[in-house]
Structures are given as structure tokens and as C-alpha cells.
Amino acid sequence: MIYAGIDIAKNEHVVGATDERGRDAAKPMPFANSTEGFGRCVAYLEGLAESKGDLLVGMEATGHYWLPLFCRLQDEGYAVAVVNPIRTDAMRRFKGSSRVKTDMIDCVLVAETLRCGDFEPSKLGDEAMIELRQLTRLHQELKESVADLKRQVVVALDQVFPEYGSIFSDTFGESSKAFLKRCPTPEECLGVRADSLAKTLERASRGNLGRDKADEIKGIARTSCGISVAASVFSFQIKLLIEQIDSIEGQIAEVGARVRSGIEAVEPLILTIPGIGHVLGARIVSEIGDIRRFRSAPAVVKYAGINPSVSQSGKFSSNENHITKQGSPYLRRALYLAAMAQLKLKTPFYDYYAEKRSEGKAHREALIAVSRKLVHVIYAVLSRQEPYDPEVARNPLASRSE
């Protein structure tokens, strides 16, 4: 058996190989991250073994740069395993810290990791699942962008209009945004007629706000302690940021609609679990992928990185082990949010949370425990292709890995 390892980078990759005894099977070769470079890599692999069945190719999941090469090699008929960089780092320590980290060495370390580990060829999943994963990640990134823009608006308002936070119940509600688009500084507010401002508020609030609110705002603006230095620039900044927020929120709604239709087509059973809506369900399903690639629920727990780490030396064993965080950060976050939802809805998982708290667990520790237990339910629903059953959540066997 020949093991080929590929060190992934943005512009140039490096491929190397070892045989089943750990001896170099070929000299490492760099190749460009391009169609021509991929062709060179395929030619290199063709010279390693008599048949493709005698060769296993491994590559680190470095950012997103590995995906095009992964797809090309799979199309060429090679078995390709995606290796967690943590496994490669462990192999580097095993080989000796004196080994300098270089691309030429790293590709061989990936090959050695394959040789010494128990790796199966990785699968991307079908196109519908890949699309859903891409959409949910885009949805999350857009929401994070909006949150960052809102923080910038608050920072600017704190300087020019410190009292603004007390004017509206939601600084980024439709009425407030309509106001900020027109006059985000006290000076501009005082320069607008009260009846004109009232019309703006009335349209944005669908008649719920009007002249009284306009008078209230003008009164607050008149006594504001905000700075007047560079007020025009702050005004321009706030208006621009509000426009960006509106634009991205429209994109979020558009992406969300696609996510909803996608999860209903791919795996609607996830939606039968309380607290898991369309977007959150789509995140969980798309990050797990084909449930059949996991032999058990604990395997999914490990993949999510919410399995407890082990700290033991001799007769000492720590009782305060943290989670490994060695799996998918996207899945880990989605499961954490799903666990939070269980507490809000007081589902059967809430009793489990209360039990862990009574044992002395901190809030976050108990919540992670709920996340692990929730994985067992998700695994049961997806693997059995049956709707959520509350009894599964109560079954002690469902949490045997706790």
C-alpha cells in the first residue's frame, strides 16, 4: 500500500508519498493550484502504484483551498481522505520537535498520518447537501456582518447622540432606521420640522408613531450632550451604515428562503425536533452530511468537537476536562444554539440540564452536556428516518456517552 500526502496552500501544493513501511516512495513535488498543476499531481500519483486501489491520498482541510483538488482527484478515481491538521501536528510531535515545519516535510507527515491512522476515504455528499452547507454558512456570515455594522452604528451614536438608545425600544427597528437615514445627529434633528419628522415616523411604524414621538425626539435632541465636532462625517457614516444594514438584511431574507426550501427537500425530519427551525436544522444537517458515514452518535459528538478531553496521569484523573473543540466549528455552534433553544422551550432536555446543574456543573458545562445528548436524538431521527420521539430524549441509553 502507498500513502500519498498533500500539503495544501493558497498558490502551491506539495505532494509526497511513503510505502507501508514508512519509507519514501517518491521525492516530494510542488505543483501549482491550477488545472495544469492538478495534471502534474495526477501524473505523480499514477507513477506511485500499479493500481489506484493500492493508493490512499490524504490532504489537510486547510481553509477552502483543498476543495478543488479534492474534487479533481475524486473525479480521477482516487481514494482521498481529508485529514484534520491536529492529527498531522500530533504526528510531527511524535516524529520529534526538531523537524522543521516546511511544505516538503509536511506532505510526508500527512502521508505518515495516513499510514499510522485508521482513515477512510472522505465524501463531500451529494450536490443538494453541498448547496445547503454553502447557503447556511453564507447566512451565518451575513448575520455576522450585520452585527458588526450595528456595533459601528452604536459606537458612532454614542459619540454624537448618546441619548439615542433611550428613544426607541429597538435601535435597529424600522422606525428607528427611518429616522437615522434622515437625521442621525441632534443638529440635523433640530433642523427638521416636527410635522415632517412625524410623517417619516408614521410611515415607518405603520401609524403607531407620529407627532408625539417627533416632539419627544426633538426635545431630547435639544438637550443632547453629544459632540458637534465632525458631526457631518458622523452623519454620513451612520446613514451609510444603515443603508448597508438594510441591504444585507434583504440578502439574509433571500438566503433564508433558499435555506428553508433546501432543508424541506433534503431532510425535513430534523424540523420535528423542538427548538430546531429551518435555518438551524439546515446548519446541523448540512454540516453532518450523510449520517451513514458515522457509525454511532458518539462519532458525531466527536466530529462536532464537543466530546470531553481526557486529562490523566498515573493515578490522577481530572474532573474538570474541557471539550476538545477538534471537530467542525460550524456544527459545534449550531448544536450549542439548539441546546439553548431546548432550555427556552422547556423541552425534555431541560430536565437533563437541571440534573446536570444539580450535580454542580456550571451553566456552560451543562449546556454542552445537553448538546451531546441532543446529538443522540438527532442521530436517531436521521439514521432511522423517523420523526422526533420525546421518549428518545428521556431514554438514559441515549446519553450513554455522557
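The values are calculated or read from the model by the stated rules, or taken from the named source; none is laboratory data. Everything numeric here is computed off the predicted structure, so don't read it as measured data. For neighbour counting, all protein chains shown are included, and Cβ atoms are generated from backbone atoms with ideal geometry for every residue, glycine included. Remember, those area values only see protein heavy atoms, side chains included, never the ligands or the DNA or RNA. Shrake-Rupley method; radii C 1.70, N 1.55, O 1.52, S 1.80 Å.
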Check: Looking only at the stretch 33-57, which residues are touching a helix residue (DSSP H, G or I) at 6+ places or on another chain (Cβ under 8 Å) and in a loop (DSSP other than H, G, I, E, B)?
Finding: ASN33
Checklist line | Subset of the stretch 277-302 that is β-branched (Val, Ile, Thr) and modelled with pLDDT of 90 or more - its residue that is surrounded by the fewest Cβ atoms within 10 Å (Cβ to Cβ) | finding: VAL279
Check: When both residues are 6+ apart or on different chains and their Cβ atoms are under 8 Å apart, which pairs have a first residue that lies in the stretch 185-196 and is touching a residue at least 40 places away in the same chain (Cβ under 8 Å), and a second that is open to solvent by 60 Å² or more (accessible area, probe 1.4 Å)?
Finding: PRO186/ARG222; GLU187/SER228; GLU188/ARG182
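Against the condition within 26 Å of the chain's Cα centre (by Cα), at pLDDT 75 or above and in a helix (DSSP H, G or I), how does LEU73 come out, does it pass?
Here the answer is no, as LEU73 does not meet what is asked.
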Margin query: Show the residue pairs meeting these rules: Cβ distance below 8 Å; 6+ apart or different chains; first residue within the stretch 335-348 and farther than 21 Å from SER286 by Cβ; second residue open to solvent by 60 Å² or more (accessible area, probe 1.4 Å).
Written below: LEU343/TYR350; PRO348/ARG394
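Being closer than 18 Å to PRO329 by Cα and open to solvent by 30 Å² or more (accessible area, probe 1.4 Å) is the filter here; which residues of the stretch 68-89 pass it?
VAL82, ASN84, PRO85, ILE86, ARG87
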Checklist line | Qualifying residues in the stretch 253-264 (those that are among the hydrophobic types (A, V, I, L, M, F, W, C) and buried (at least 18 other Cβ atoms within 10 Å of the Cβ)) - the one nearest to ARG182 (Cα to Cα) | finding: VAL255
Checklist line | Enumeration of residues in the stretch 138-181 that are free of Cβ contacts under 8 Å to residues at least 12 places away in the same chain, of a type outside the set (Asp, Glu) and over 19 Å from GLY219 (Cα atoms) | finding: ALA147, ARG151, VAL155, GLY173
Next item on the list: Spot the failing condition for ARG92; the list is (1) surrounded by 20 or more Cβ atoms within 10 Å (Cβ to Cβ); (2) modelled with pLDDT under 90; (3) more than 24 Å from LYS123 (Cβ to Cβ), and only one is missed.
Entry: (1)
Check: Does the stretch 95-124 hold any residues that are modelled with pLDDT under 75 and open to solvent by less than 40 Å² (accessible area, probe 1.4 Å), and which are they?
Finding: GLY96, SER122, LEU124
Note to self: I want to confirm something. Restricting to the stretch 354-382 and keeping residues that are open to solvent by 60 Å² or more (accessible area, probe 1.4 Å) and part of a helix (DSSP H, G or I), which single residue is farthest from ILE306 (Cα to Cα)?
What the structure shows: SER358
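Out of ALA198, ALA178, ALA194, I need the residue that is of a type in the set (Gly, Ala, Ser) and within 14 Å of LEU241 (Cα to Cα). Which one?
ALA178
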Next item on the list: Being part of a helix (DSSP H, G or I), open to solvent by 30 Å² or more (accessible area, probe 1.4 Å) and more than 21 Å from GLY305 (Cα to Cα) is the filter here, so list the residues in the stretch 332-347 that pass it.
Entry: LYS344, LEU345
